[in-house]
Amino acid sequence: MTTVRLPGLIDAHVHLREPGYTHKEDFYTGTAAALAGGVTAVLDMPNTIPPTDTPARFAEKAALAAAKAVCDVGLFVGATTDQLDAYLPIAQRACGLKIYVSETFGSLRIEDLGLLHRFFRTWGEKAAEIASDTTHSPLRTPHSALGPVAVHAEELMLPVCLNLSHLYGVPLHVVHVTRRSEIELIRRAKEQGYPVTCEVTPHHLFLSSDDAARLGARGDMRPKLASPDDVAAMWENLAIVDIFATDHAPHTLAEKAQATPPPGVPGVETMLPLLLTAVHDGRLELDDILRRCVENPRRIYGLPAQPDTFVDVDVDARYELSDAGQLTKAGWTPFAGQSVYGKVEKVTLRGRTVYDGHRILAEPGSGQLLFQSV
Ligand code: NCD
Ligand code: ZN
């Protein structure tokens, strides 16, 4: 047994489903699952019902998170077609602006160039306005007044978003990159000084299209599992992958059994053991994990430090991931049956033990909402 103490991980891409889809997950169950996975802060996506696209809807979601969360939570606002720019007055309270440009779960997809152009322009204008306002101290550290525009942009939509970001000088974060062509394009954009960062999910690092038939709907998500060559490209280009984030997207097994199952898989509990297994196998260094699950998410989104917050993990403990072992309300994992190393023994958040390796000890509402103090 070798217990290693890590800082609390940040999962910069989760769907905690509240409001509107609480049969799949809610702020309590989703953040409890996060703690069990050694994650002490999550950034929640806006594709709920209603979507997080106006100040009132943001306030409603923030109140739900504040009442129920057991780890810290940041909330994205989302670009939608019927509430154009309505989120701008509370842009500073969001961790970023999410735009769904490619096929996804929910109704937030936007492919119209005029709209995309507008969303980048107005986000950039808002950031400039806040940066020039000297009457209150900036909320974020240190490089940007607002969080990035985070895009789900596959294939031809990726260069569109790279260019809009470049033209308006708005930081772009490309979520769940999967293809060789995409990661190589992002590499080139970084070399050219574009303000771009990117993330890759554990399922796109550890599963491929070769697993799709075996997994069926349990292996169906957007972007879909990619070819073994695409997966190899993620590993070859690890140096330009800024963040590992799970895209924790819980759907129930009953929904996954439907004729047209919703895309998405849970992941917030399994990321750390999967990554630690890669360390055990010599494919990653521990430092590779900390850079992408703590330091870079904190820098890219301007997140505050979490004092006295850490995760004790037995990196030698070997066990099999199982549906029964998951705290997510969805109650399953696409990695069921897989043998992993790395058991979370204890999670401490701001000096209090919030998870003891078996049970959640934190009270609902003890997690903090990020960016709310303006
Ligand atoms: C996500 C979901 O279920 O909300 N699904 C998915 O397959 N990734 C949506 C998304 O992240 O695009
Ligand atoms: Zn997502």
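The values are calculated or read from the model by the stated rules, or taken from the named source; none is laboratory data. Everything quoted here is computed from the prediction, not taken from an experiment. No Cβ is skipped: glycine too gets one built from the backbone with ideal geometry, and neighbour counts run over all protein chains shown. Note: accessible area is taken over every heavy atom of the protein model, side chains too, but ligands, DNA and RNA are not part of it. Shrake-Rupley method; radii C 1.70, N 1.55, O 1.52, S 1.80 Å.
Do we find that residue 270 is under 16 Å from residue 34 (Cα atoms), polar (S, T, N, Q), buried (at least 24 other Cβ atoms within 10 Å of the Cβ) and in contact with a Phe, Trp or Tyr (Cβ under 9 Å, 6 or more places away or on another chain) in this structure? So residue 270 passes the test.
When you check residue 61 against the structure, is it within 16 Å of ligand 1 (Cβ to nearest atom), surrounded by 24 or more Cβ atoms within 10 Å (Cβ to Cβ) and under 30 Å from residue 346 (Cα atoms), yes or no? In short, yes. Of the residues contained in the range 345-355, one or more are found to be in a loop (DSSP other than H, G, I, E, B) and open to solvent by 30 Å² or more (accessible area, probe 1.4 Å). A single member of 262, 250 is at pLDDT 95 or above, part of a loop (DSSP other than H, G, I, E, B), over 24 Å from residue 74 (Cα atoms) and within 16 Å of ligand 2 (Cβ to nearest atom), and it is 262.
Restricting the first member to the range 97-111 and to residues that are within 18 Å of residue 147 (Cβ to Cβ) and at pLDDT 85 or above, and the second to residues that are of a type in the set (Lys, Arg) and more than 12 Å from ligand 2 (Cβ to nearest atom), the beta-carbon pairs closer than 9 Å and six or more apart or on different chains are 100/109; 101/109.
To keep it simple, each residue is scored yes or no on (1) out of contact with any Lys or Arg (no Cβ under 7 Å at 6 or more places or on another chain); (2) part of a helix (DSSP H, G or I).
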residue: 255; (1), (2): yes, yes
residue: 258; (1), (2): yes, no
residue: 268; (1), (2): yes, no
residue: 276; (1), (2): yes, yes
residue: 282; (1), (2): yes, no
residue: 290; (1), (2): yes, yes
residue: 294; (1), (2): yes, yes
residue: 307; (1), (2): no, no
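Conditions (1) exposed (fewer than 15 other Cβ atoms within 10 Å of the Cβ); (2) of a type in the set (Asp, Glu), marked per residue:
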| residue | (1), (2) |
| --- | --- |
| 182 | no, yes |
| 191 | yes, yes |
| 197 | no, no |
| 202 | no, no |
| 214 | yes, no |
| 221 | no, no |
| 229 | yes, yes |
| 232 | yes, no |
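The condition (being on the phi > 0 side of the Ramachandran plot, touching a residue at least 24 places away in the same chain (Cβ under 8 Å) and more than 16 Å from ligand 2 (Cβ to nearest atom)) is satisfied by just one residue among 193, 169: 169. If you go through the range 358-374 and keep only what is under 23 Å from the mean Cα position of the chain (by Cα) and surrounded by 14 or more Cβ atoms within 10 Å (Cβ to Cβ), you end up with 360, 362, 364, 365, 366, 367, 368, 369, 370, 371, 372.
Within the range 17-46, being in a loop (DSSP other than H, G, I, E, B) and either surrounded by fewer than 24 Cβ atoms within 10 Å (Cβ to Cβ) or free of Cβ contacts under 8 Å to residues at least 60 places away in the same chain (or both) holds for 18, 19, 20, 21, 22, 23, 24, 26, 45.
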